[in-house]
1. Regarding segment 58-68, can at least one residue be identified that is surrounded by fewer than 17 Cβ atoms within 10 Å (Cβ to Cβ), part of a loop (DSSP other than H, G, I, E, B) and in contact with an Asp or Glu (Cβ under 7 Å, 6 or more places away or on another chain)?
2. Go over the candidates ILE94, ILE101, ILE105 one by one and state the one that is more than 30 Å from LYS184 (Cβ to Cβ), crowded, with 22+ Cβ neighbours inside 10 Å and at pLDDT 95 or above.
3. Do we have LYS161 as of a type in the set (D, E, K, R), part of a helix (DSSP H, G or I) and over 26 Å from ASP37 (Cα atoms) here?
4. Looking at segment 69-94 only, could you name the residues that are in contact (Cβ under 8 Å) with a residue 12 or more places away in the chain, in a helix (DSSP H, G or I) and of a type outside the set (Ser, Thr, Tyr)?
5. When you scan segment 114-136, do you find a residue that is in contact (Cβ under 8 Å) with a residue 24 or more places away in the chain, in contact with a Gly (Cβ under 6 Å, 6 or more places away or on another chain) and under 20 Å from GLN192 (Cβ atoms), even just one?
6. Which one is farthest from VAL14 (Cα to Cα), of the residues in segment 181-211 that are assigned to a loop (DSSP other than H, G, I, E, B) and without any contact (Cβ under 8 Å) to a residue 40 or more places away in the chain?
Amino acid sequence: MNILVLAAHPDDEVLGMGGTIKKLSRNNQVHLCTLTDGSSAQYSDKKMIHERKKNCMMSGKILGIRDYYFLDFPDMKLDKIPILEINRSVEKIIGKFKPKIVYTISNSDYNRDHQIVYESSLITTRPYSSSVKKLLAYEIPGIQRKKFISTVYENIEKELKYKIRAFNCYKSEVRQFPHPRSVKAIENLSIQRGVESCLRNAEAFELIRSINA
């Protein structure tokens, strides 16, 4: 089965659902679409854009991602791009692979790029114009503007070590604890979500739409 993961920036996918990607990739074809270059707002050196893509593919190799699509919209400027242009780009990816399941980034934090990717996913996965039967949102560690609603939990006890290894591929993004983008914080969040679901380690998702035909 084809599964599509939508991310605003390279590293969103591993932070939000790296363990689940590893788990799903064993029996499914997992494709990743990253909408922005992930670095142009932070670094003036364009070499960093290439470096982030390289990191993404190294990370994805650990997780088992099959294909990568970088739409290269400018980092932290998705709100400057017409939403129709963004939607058409995402629709092309969905039309190519016809995924049954799409994972998108949550709109619960303050990052405007994240919010726009979420909004686009609601439109591009509409039942009457796409193959998508299930849409879920994953959470990104950090300060939230509204509560992330956990309705689905995935056991990642066996996959957590792969998630950490994959995250460490993004060397420029790894921070020291207690930063939410630290290894310890990622481990702690997996424990917290595990406690909520009576598991040792888990990743949480919000189920947005599920169609059982």
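1. no
2. ILE94
3. yes
4. LEU78, ASP79, ILE83, ILE86, ASN87, VAL90, GLU91, ILE93, ILE94
5. no
6. CYS198
The values are calculated or read from the model by the stated rules, or taken from the named source; none is laboratory data. Fair warning: this is a prediction, and the values are worked out from it, not measured in the lab. Note that each Cβ is placed from the backbone with ideal geometry, even for glycine, and that neighbours are counted across all protein chains shown.
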